[in-house]
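> Pasting a structure below so you can have a look.
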Amino acid sequence: MRRPLFFVLFLFVLTNLFSQTLSTPTIWLKPLLSGDTVSLIDTKISTTDQSPYSKKYTKSYINYNPSITPGDSLNIYVRPYDSLPNHTRVTIMTAYFTESNNKVGLWELGQDTNRLLWLNSQEISYKTKGISYRDSLGTEQGPIVNIGHFNYPKRDTILSLTDTLYICNESDNYFAGNFGEYLYFPEDLDKTEQQKWESYLALKYGATLKSAYVNSQGDTLWNTKEDSTYSQGIAGIGRDDSTTLNQRRSKIYQDELSINITDTPLQDKTYILWGHNGQNATPTILYQIDTNQYYQMERQWKIKPYTPITNQPTNTELIYNYPLNVAPGGILLLIDRTSSDITPTISEIHHPDSITTDAVYFKNIHWDTDNNGQDYITIAINIDSLNQPLPNKSEQTQTQTQQQQTTNEQTKHLSLSLQPNPSTGNFTLIIQQQTKTPLQIRITDNNGKEVKKYTKEDADTYTELHETIDTMGIYLIQVTNQDEKKTTKLIIVK
């Protein structure tokens, strides 16, 4: 028996509408910026100044988004207006940033004084049972999206109990890092629904996923299997009103390149995602353009825009944080619209539109102008813009240790060098002086606050100081001996 056409169309429309519905969390905690402080708010529950989540916390950022730094032993607790479901499968998502090597608490859910479920940076636990999900050597680093599916414990009594959610806390393991969001769904989200919210959190906070990135309708924005070569680090900007995403600037964790929306309003469901191939970010491939020589990076980025409006360009600005030994006027952006075989002779060449002390800006960059769905980019630097020529591939076999230990016997003055600089935390300060004499070393932040201080009474003509600074920023290192004083600048990036 043939079904009437209108019935088939009705089923198609109903199925399509159902596939585009979006599950929403019943508890949705995220920071709200207010001046120099942030409050942790619930987007589903109206709060007052007396509410536990309207307290003010130290302002911090994850991928240009407000986050909170709770501080040691600070309890953040939420008591839901309604008791949480009894013995129901639930889904909990958390976005955060930590580089701590200790066990740090993320959340704890309990009834009255009973600890039921909790998550820290090394294990998920239920009552007295814990399951480790990280090795014992450390925790996740950088922005993290954590997802768990749990059977909410069955109540042991018919009496009404008080459900309490503790944020940035798990027993005595207090959170060390920046806290982004907490989402609680009273259901076991299916794969597609999970990917929608997982993609929202990852794009907002700059976490790289191993699964596909999708929008709130389930449309694929980035396929990590098809784009596996360029999925070593992934970031994106975009707007999706269903999830409240409005990300106008992003970068991949520990990458020197970011993309920013300038004065163009983003349309709903419009995205630009990019990923890199994980190759060396130091320019080493020698090319010649006209009479000039350039070193090009082995690292490449693949750019994939997604917009519901055909041929609707989005005006973007690309920002590249250049190394300190480079004169920024010789930096080029190369764009290949068709393939990953980027060479200066066949690619679009863009010069910086503006320059600051640590970055160059390429303005009015439009992506996918040929509508093939993707572009490829890299950075090249004029050889004359380098203080010293970058090594070619054969010269790179000399180890950094050998380079550091090559001293200049002709040195007549105090000299300083930092390796690497910029650094993600770990760095080596190399000090050379003419004679053996005591050294005083002082590290201050950009506001003049002293961070570390040392005295080397037995300093030789060659001294190495291996140190770590965990907080992103600009620092000044001042070294003094009996004859002179010198200062160098250190940049910590994340």
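The values are calculated or read from the model by the stated rules, or taken from the named source; none is laboratory data. This is a predicted model, so every value here is computed, not measured. Keep in mind that these areas ignore ligands, DNA and RNA; they rest on the heavy atoms of the full protein, side chains included. Shrake-Rupley method; radii C 1.70, N 1.55, O 1.52, S 1.80 Å.
> Taking a cut-off of 28 Å between Cα atoms, list the lysines near K302, but don't count ones fewer than 8 places away on the same chain.
K191, K196, K204, K210, K225, K251, K269, K363, K393, K494
> With every protein chain present, what accessible area does Y61 have (1.4 Å probe, heavy atoms only), rounded to the nearest 10 Å²?
110 Å²
> Also, quick follow-up: Could you tell me the distance between the Cα centroids of segment 452-488 and segment 332-366, to the nearest Å?
Here the two parts' Cα centres lie 37 Å apart.
> Can you give the direction-averaged projected area of the convex hull of the alpha-carbon atoms in segment 242-321, in nm²?
Hull-based average projected area comes out at 7.4 nm².
> Kindly provide the Kirkwood hydrodynamic radius of segment 156-259 in Å, to one decimal, from all pairs of distinct alpha carbon atoms.
After inverting the mean inverse Cα-Cα distance, the result is 16.1 Å.
> Residues of segment 247-331: accessible area per residue at 1.4 Å, in Å²?
With all protein chains present, segment 247-331 gives 40 Å² per residue.
> Using amide H atoms built in the peptide plane, which far-off residues or other-chain residues are under 5 Å from T37 H to H?
Long-range HN contacts for T37: none found.
> Let me ask something additional. Tell me which residues come under 5 Å, amide H to amide H, from V451 once H is placed; ignore anything under 5 positions away on its chain.
I443, T444, D445
> Using a ≥ b ≥ c from the Cα gyration tensor of segment 190-324 (square roots of the eigenvalues), is it rounded, prolate or oblate, where a/c under 1.5 gives rounded and otherwise the larger of a/b and b/c decides, a/b for prolate?
Since a/c reaches 1.5 and a/b is larger than b/c, the shape of segment 190-324 is classed as prolate.
> Which ³J(HN,Hα) values, rounded to whole Hz and listed in residue order, are derived for segment 292-308 from phi using the Karplus coefficients 6.51, -1.76 and 1.60 in 6.51 cos²θ - 1.76 cosθ + 1.60 with θ = phi - 60°, glycine and proline given as x?
Along segment 292-308, the couplings run 9, 9, 10, 9, 10, 5, 7, 6, 10, 10, 9, 10, 10, x, 9, 9, x Hz.
> From the phi angles alone, apply the Karplus equation (6.51, -1.76, 1.60; θ = phi - 60°) to segment 250-260 and give each ³J(HN,Hα) in whole Hz, x where the residue is Gly or Pro.
Along segment 250-260, the couplings run 8, 8, 7, 4, 6, 10, 9, 10, 9, 10, 10 Hz.
> Shifting gears a bit: Keeping all protein chains in the complex and leaving out DNA, RNA and ligands, what accessible area do you get for L476 with a 1.4 Å probe, in Å² to the nearest 10?
L476 has an accessible surface of roughly 70 Å² with all protein chains in place.
> From largest accessible area down, sort E317, E226, E123; use a 1.4 Å probe on the protein chains.
E226, E123, E317
> Further question: Check Y77: other-chain or 5+ apart residues with amide H under 5 Å from its amide H, H built from backbone geometry?
I167
> If you rank H276, H366 by how much accessible surface each has, with a 1.4 Å probe, what is the order from largest down?
The ranking, largest first, comes out as H366, H276.
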